[in-house]
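Input: a single structure, listed below in structure tokens.
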Amino acid sequence: MKKRRLFLFISLTFLWAILGLALWGLPRLPGLERDLLQRLANRSAKEYFADSIRIEKVFLDSHLKIHLTGITGKLKNRKSPIPLEIGSLESQDSLLLLIATKPVRFIFTGVRPQGSSRPGFSGMVMIRTGTALRFECSADFGKTDLEDWQWLDPQNLAGATGAMKGTLTFRQTFGQEPEFGMDLEAPEPGGNIQARFFDLFLPYLPASVHKEKVQKISESREMVRYERATLKINLPQNDSMKVLLQIFIPAYNLKLTLNATLKADQKNAFSQITRLMGLFEVK
């Protein structure tokens with residue numbers, strides 16, 4: 001009888017302890033999940049965000065799909081950190097599939113500089129774990145403006161404007177070369193851009209009337225009105241890029257085209273093309 005009472009007492013004590021832990025832990029679970037994800041995100045992206053990533057809210061539903069909102073971070077840049085934000089990031093599949101080495105898709109929305117009045121770009125990310133590790137990302141720039149990306153290269157893009165549309169894709173399978181493509185357009189009516197931007201064309205233009213016009217534009221050091229522009233970039237090999245850049249300047253009746261393949265080991269050329277792409281240096 002005493003043993004039965006002792007067992008009952010221990011059982012009730014254990015149940016009360018579990019209940020108490022649940023009552024204490026459940027309200028705090030989203031916070032614990034958030035803190036854990038913040039630590040993981042900052043650890044994996046420390047080189048780029050320097051422990052600045054913050055997540056406002058994390059929710060794991062009954063299907064083990066995760067939902068994140070209010071993600072912010074300060075991206076390292078040549079000049080100073082750039083505050084960025086992601087409106088939401090949600091998995092479309094159960095996170096258990098990661099353990100089963102099956103693809104898990106994530107949808108993201110509202111990627112933009114903090115304080116921007118535009119919705120920002122959105123897209124999809126796919127991750128597959130295991131020996132066939134694979135990462136895919138696609139983005140739609142249909143709700144952005146060139147004004148949102150001035151921070152990428154303030155010297156050449158300060159004051160730049162123009163509604164943008166287009167896509168970016170990136171794929172990487174473990175042990176294989178990455179696949180990258182970007183196809184952007186600033187359609188009519190276009191916008192404005194710094195005259196010094198056209199300095200980037202000069203090394204690639206042969207002596208001609210076109211080059212003389214470009215030289216004249218770049219020397220003006222004023223804002224120039226463009227009517228339309230396109231930028232296409234592909235990465236056919238890991239050490240080279242194919243770039244097609246076209247821009248029409250109505251005031252000079254000038255349609256410029258840059259069609260080049262640049263090697264990553266050509267430091268000066270690669271630096272030029274990263275500026276055209278709006279890429280940045282991470283210190």
As straight-line cross-link partners of Lys76, the qualifying aspartates and glutamates (C-alpha separation under 15 Å, not fewer than 8 residues apart within one chain) are Glu47, Asp51, Glu85, Asp153, Glu281
At R0 = 22 Å, FRET efficiency that the Cβ-Cβ distance of Glu188 and Thr167 yields, to 0.05 = 0.65
Net lengthening on full extension, Lys211/Ala45 (0.36 nm per residue, minus Cα-Cα) | 55.5 nm
Simple spin-label estimate for Ser80 and Asn253 in nanometres, 7 Å along Cα-Cβ | 4.5 nm
Give Lys65/Lys242; Lys57/Lys143; Lys57/Lys232; Lys65/Lys143; Lys143/Lys213; Lys102/Lys232 a once-over and call out the pairs whose C-alpha atoms are over 30 Å from each other.
-> Lys65/Lys242; Lys57/Lys232; Lys143/Lys213; Lys102/Lys232
Across the range 108-119, in residue order, what do the Karplus-derived ³J(HN,Hα) couplings come to in whole Hz, using 6.51 cos²θ - 1.76 cosθ + 1.60 with θ = phi - 60° and x for Gly and Pro?
-> 10, 9, x, 7, 6, x, 4, x, 5, 8, 9, x
Would you list Ser94, Ser117 from the most to the least accessible area, probe 1.4 Å?
-> Ser117, Ser94
Estimate the FRET efficiency between Ala260 and Ser138 by the formula 1/(1 + (r/R0)^6), using the beta-carbon distance for r and 30 Å for R0, to the nearest 0.05.
-> 0.75
What spacing in nm lies between the two simple spin-label points modelled at Ala158 and Leu244, each 7 Å away from Cα in the Cβ direction?
-> 3.4 nm
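The values are calculated or read from the model by the stated rules, or taken from the named source; none is laboratory data. For clarity, every value in this text was computed on a predicted model and none was experimentally measured. Cβ coordinates were reconstructed from backbone atoms using ideal geometry, including for glycine residues, and neighbour counts include every protein chain displayed. Ligands, DNA and RNA are excluded from the accessible area calculation, which covers all protein heavy atoms including side chains. Shrake-Rupley method; radii C 1.70, N 1.55, O 1.52, S 1.80 Å.
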